[in-house]
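Reading through the structure tokens given below for one structure.
The values are calculated or read from the model by the stated rules, or taken from the named source; none is laboratory data. Because the structure is predicted, anything quoted here is derived from the model rather than measured. Here the Cβ positions follow ideal geometry from the backbone for every residue, glycine too, while neighbour counts run over all protein chains shown. Calculation scope for accessible area: heavy atoms of the full protein, side chains included, ligands and nucleic acids excluded. Shrake-Rupley method; radii C 1.70, N 1.55, O 1.52, S 1.80 Å.
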Amino acid sequence: QLGTWMIRSTDGGTAWSARYRVPVNSPHGPIQISKDRLIYAGKELWNDENRIGVCQSLDDGLTWEWLATIPTRDGDDHRDYHELHAVQASDGQLIVHIRNHNSKNAGETLQTESEDDGMTWSEPHSIGVWGLPSHLLRLKDGRLLMSYGHRRKPLGNQARVSSDNGRTWSEAMMISSDGVTGDLGYPSTVELDDHSLVTVWYEVRPGNSNAVLRQARWKLDG
């Protein structure tokens with residue numbers, strides 16, 4: 001039963017389909033590009049090749065097809081790329097963040113871009129952000145937000161903003177910084193109607209060996 005699976009609901013989560021296989025794995029899942037198109041950036045698992053790339057669905061996630069393989073940076077092993085997530089910038093460009101465990105920029109988030117609707121991708125490159133994995137969100141004002149776990153002091157979760165469609169990223173903003181171990185992270189962030197943000201992540205807290213979910217509601221300056 002090893003593999004990557006999806007279940008689907010058409011009634012707001014009351015009932016769910018049987019599981020079915022999908023080509024890639026990623027903790028934050030696919031994103032919607034248009035009414036009929038979903039993009040899923042991820043990694044193949046449980047096979048010999050373990051490609052890194054992007055799949056698409058044109059039927060609301062019922063079926064998926066491999067769209068493009070993301071190239072490997074010179075000197076890297078693609079098997080040390082993990083946990084991708086995508087976003088579409090305001091200019092239409094697609095951006096994917098990659099958890100990197102190669103020796104060069106180890107523990108950093110790498111970025112790759114597509115300017116042809118996901119058919120081809122740039123070689124991954126460093127954006128100078130230590131922390132992973134990254135969750136990407138396009139804000140209502142068009143800026144991009146990345147939120148990610150930070151597993152060295154200050155232990156917690158951080159965020160950065162891009163005002164130029166992912167070309168550059170701001171300095172880090174603290175979402176949380178009171179972690180007691182590095183066993184935390186995987187934040188996901190949404191924007192509410194009043195433009196405040198809610199970020200949810202997992203974390204192991206003192207006196208409890210089991211992880212819990214935590215959340216923070218916060219706002220960007222400006």
Practice prompt. Residue by residue through region 1-49, note down the ones that are exposed (fewer than 13 other Cβ atoms within 10 Å of the Cβ), within 20 Å of His101 (Cβ to Cβ) and of a type in the set (S, T, N, Q).
Written response: Asn47
Discussion item. Step by step: first the residues of region 60-110, then only those that are acidic (Asp, Glu) and at pLDDT 95 or above, then the one that is farthest from Ile127 (Cα to Cα). Which residue is that?
Written reply: Glu65
Worksheet item: Residues Gly149, Gly118, Gly142, Gly128: which one is farther than 27 Å from Trp66 by Cα, surrounded by 21 or more Cβ atoms within 10 Å (Cβ to Cβ) and either among the basic types (Lys, Arg) or touching a residue at least 12 places away in the same chain (Cβ under 8 Å) (or both)?
Response: Gly149
Worksheet item: open to solvent by 10 Å² or more (accessible area, probe 1.4 Å) and within 17 Å of Arg51 (Cα to Cα) - does that describe any residue in region 94-101?
Response: yes
Practice prompt. Considering only residues that are of a type outside the set (Val, Ile, Thr) and part of a strand (DSSP E or B), look in region 74-90 and name the one that is nearest to Ile33 (Cα to Cα).
Written response: Gln88
Worksheet item: Within region 168-206, restricting attention to residues that are more than 22 Å from Arg143 (Cβ to Cβ) and among the hydrophobic types (A, V, I, L, M, F, W, C), which residue is farthest from the chain's Cα centre (by Cα)?
Response: Val180
Worksheet entry | Meets criteria (within 25 Å of Thr168 (Cβ to Cβ) and in contact with an Asp or Glu (Cβ under 8 Å, 6 or more places away or on another chain)) for Ile70 | no
Worksheet, complete the sentence: Subset of region 189-222, residues in contact (Cβ under 8 Å) with a residue 40 or more places away in the chain, under 22 Å from Ser163 (Cβ atoms) and not charged (D, E, K, R), comes to Thr189, Val190, His195, Leu197, Thr199, Trp218, Leu220
Practice prompt. Looking at (1) at pLDDT 95 or above; (2) surrounded by fewer than 14 Cβ atoms within 10 Å (Cβ to Cβ); (3) not acidic (Asp, Glu), find the lone condition where Ser176 falls short.
Written response: (2)
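Take the conditions out of contact with any helix residue (DSSP H, G or I) (no Cβ under 8 Å at 6 or more places or on another chain) and within 21 Å of His101 (Cβ to Cβ) and apply them to Met146. Does it pass?
When the stated conditions are applied, Met146 passes them.
Yes/no per residue for (1) modelled with pLDDT under 95; (2) basic (Lys, Arg):
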| position | (1), (2) |
| --- | --- |
| Arg167 | no, yes |
| Ser170 | no, no |
| Val180 | yes, no |
| Glu191 | no, no |
| Val200 | no, no |
| Pro206 | yes, no |
